[in-house]
Every structure is written in structure tokens, then in C-alpha cells.
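Every number in this text was worked out from the coordinates using simple rules, so none of it is lab data. None of the values given here were measured: they were computed from a predicted structure. Cβ sites come from the backbone with ideal geometry, for glycine too, and all protein chains shown count toward neighbours.
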Amino acid sequence: MRTNNGEALLLTAIKGLGLVGLPRFISADAVAAGRLVTVLDDFPMPAATLSALFPPRRRLTGRVRIVVEHLAKHVRSQMPSATVAADCCCVTSERTGP
């Protein structure tokens, strides 16, 4: 399964349907509650890129700038390390099937 939806991957892991790679800020509560366990901690996740794209030759509006600054601040607060990959982990439930 391939998706860019972290919540869908989280539910997949919680239901015992497979091993998923997630940012820790998405999986932290489920790991803390014992619904998921981290695995493969010795194997770093690949780096991820987060981009904000704007149409060329258009002035960046104040509203867009505020949203981008808010997102950047939120991402930095949730992932304070130098790279996103350092804040990702593989998780799975302890169940082996549906």
C-alpha cells in the first residue's frame, strides 16, 4: 500500500495490517499507549521533503505567507532535529493479522 496520508498508515498499523514508516509526531500517542511498537530502530528512514509551491511571478499575499510561516513553525516544533528522517520510525502492532 502506498499513500501520503499518515492517519491512514497509522490505522493500518494499529489494525495489525502491516509495518509502516511514520513521523514520530503521528505515531507517538499510539506507541505511548502500547497500541504500536517501534521496530527497525537501527535502520534510518529516508529523508522526506516538505515544500510550499507558489505560482511563478505572483506576489506572495500576506495570508499565504502567514500560513507558510505557521506550517514551518509547526513542523519545526514537531520535528526539531536536523532532518525529518531522524524523526521517523517504523511501527507495527503486536498482532500478526487482521
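What the table shows:
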item	result
Per-peptide average of other Cβ atoms within 10 Å, ordering 13-21, 60-68 highest first	13-21, 60-68
FRET efficiency, 1/(1 + (r/R0)^6) with R0 22 Å, evaluated for residue 32 and residue 11 via beta carbons	0.85
